[in-house]
Amino acid sequence: SNVKISGELVSSILTNYNWFIYFWSPDLCCFKSKVFDCQKTITGDHVIMIHLYFAAKFIRNFIWTLIIFIIFILLIDFIELLRRFAESIDFIAVFFLALLKLPESVYQILPLIIIINSAWVFLSLARNSELIVVRAAGKSSASMLIAPATISLLIGVITVGFFNPIVASTSKRYEDVK
């Protein structure tokens, strides 16, 4: 029974090729309607669609938060290095040093980025009354945390596994060049 329902869910997602466009629409209203239409048609697996919606919103907001912090960190490090090495090295070399220092700075503030992102996601969900709708559908508040917590865990694992060696090599290179 669950295999049949899961197959129907997958086929409904794959046959509707516009679901990715709905996901990236600015207000997400079309994707929301698809999620709750799926709830009416396929009982039992609508929870998966709600978790996918929360995860997609979390990832999208995480990317935007990360980009904003990367820009701020790069500007601050660049200005600080430009002030420190103004007479000794040229503009391009200072920018290269700021780029070498960027991964270490991002690595240090990644927990803050995740916390800000989580607050941003849940405030936007509360502002749009989406949390109320999910609660009215009979889902617990703790179940709404599954997707963002899983994505945060994956971001942490990816950071430690793949980003940590990059941070180590760029930090060493920064200290050698500096």
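The values are calculated or read from the model by the stated rules, or taken from the named source; none is laboratory data. Just so it is clear, the model here is predicted, and its values are computed rather than measured. Reconstructed Cβ throughout: ideal geometry from the backbone, glycine too, with neighbour counts over all protein chains shown. What goes into the accessible areas is simple: the full protein's heavy atoms, side chains included, and nothing from ligands, DNA or RNA. Shrake-Rupley method; radii C 1.70, N 1.55, O 1.52, S 1.80 Å.
Looking at segment 137-156, which of its residues are assigned to a helix (DSSP H, G or I) and not polar (S, T, N, Q)?
A142, M144, L145, I146, A147, P148, A149, I151, L153, L154, I155, G156
In segment 157-178, what count of residues is obtained for those that are open to solvent by 50 Å² or more (accessible area, probe 1.4 Å) and in a helix (DSSP H, G or I)? Walk me through how you get there before you give the answer.
From segment 157-178, those open to solvent by 50 Å² or more (accessible area, probe 1.4 Å) are 157-158, 160, 162-166, 168-169, 172-173, 175-178; that's our starting set.
After this cut, where a residue has to be in a helix (DSSP H, G or I) as well, the list is 157-158, 160, 162-166, 168-169, 172-173, 175-177.
Of the residues in that region, 15 qualify.
Where residues in segment 72-103 are among the aliphatic types (A, V, I, L, M) and buried (at least 18 other Cβ atoms within 10 Å of the Cβ), which of them is farthest from D176 (Cα to Cα)?
Our first condition is that a residue be among the aliphatic types (A, V, I, L, M); within segment 72-103, this holds for 73-76, 79, 81-82, 86, 89, 92-94, 97-100, 102.
With buried (at least 18 other Cβ atoms within 10 Å of the Cβ) added as a condition, the list becomes 73, 81, 94, 97-98, 100, 102.
On the way: I73: 21, L81: 15, V94: 14, L97: 10, A98: 14, L100: 11, L102: 15 Å.
Going through the qualifying residues, I end up with I73.
Report, by residue number, each residue of segment 127-148 that is exposed (fewer than 13 other Cβ atoms within 10 Å of the Cβ) and not basic (K, R).
S129, I132, A136, A137, G138, S140, S141, A142
Quick one: V106 ticks every box in (1) open to solvent by less than 40 Å² (accessible area, probe 1.4 Å); (2) modelled with pLDDT under 90 bar one, so which box is it?
Tallying (1) open to solvent by less than 40 Å² (accessible area, probe 1.4 Å); (2) modelled with pLDDT under 90, V106 fails exactly one: (2).
Show the residue pairs meeting these rules: Cβ distance below 9 Å; 6+ apart or different chains; first residue within segment 153-178 and farther than 17 Å from L100 by Cα; second residue open to solvent by 80 Å² or more (accessible area, probe 1.4 Å) and of a type outside the set (V, I, T).
G156/P111
Which number in (1) β-branched (V, I, T); (2) modelled with pLDDT of 50 or more; (3) part of a helix (DSSP H, G or I) marks the one condition that V3 misses?
Against the list (1) β-branched (V, I, T); (2) modelled with pLDDT of 50 or more; (3) part of a helix (DSSP H, G or I), V3 comes up short only on (2).
From the list F36, F72, F62, which one is touching a helix residue (DSSP H, G or I) at 6+ places or on another chain (Cβ under 9 Å), of a type in the set (F, W, Y), part of a helix (DSSP H, G or I) and modelled with pLDDT of 85 or more?
Matching residue, one of F36, F72, F62: F62.
Do the conditions hold for L123, that is, is it open to solvent by 70 Å² or more (accessible area, probe 1.4 Å), within 25 Å of T150 (Cβ to Cβ) and modelled with pLDDT of 90 or more?
yes
Residue check: is F91 at pLDDT 90 or above, more than 29 Å from A136 (Cβ to Cβ) and not aliphatic (A, V, I, L, M)? Walk me through it before giving the result.
Numbers: at pLDDT 90 or above: no; more than 29 Å from A136 (Cβ to Cβ): yes; not aliphatic (A, V, I, L, M): yes.
No, not satisfied.
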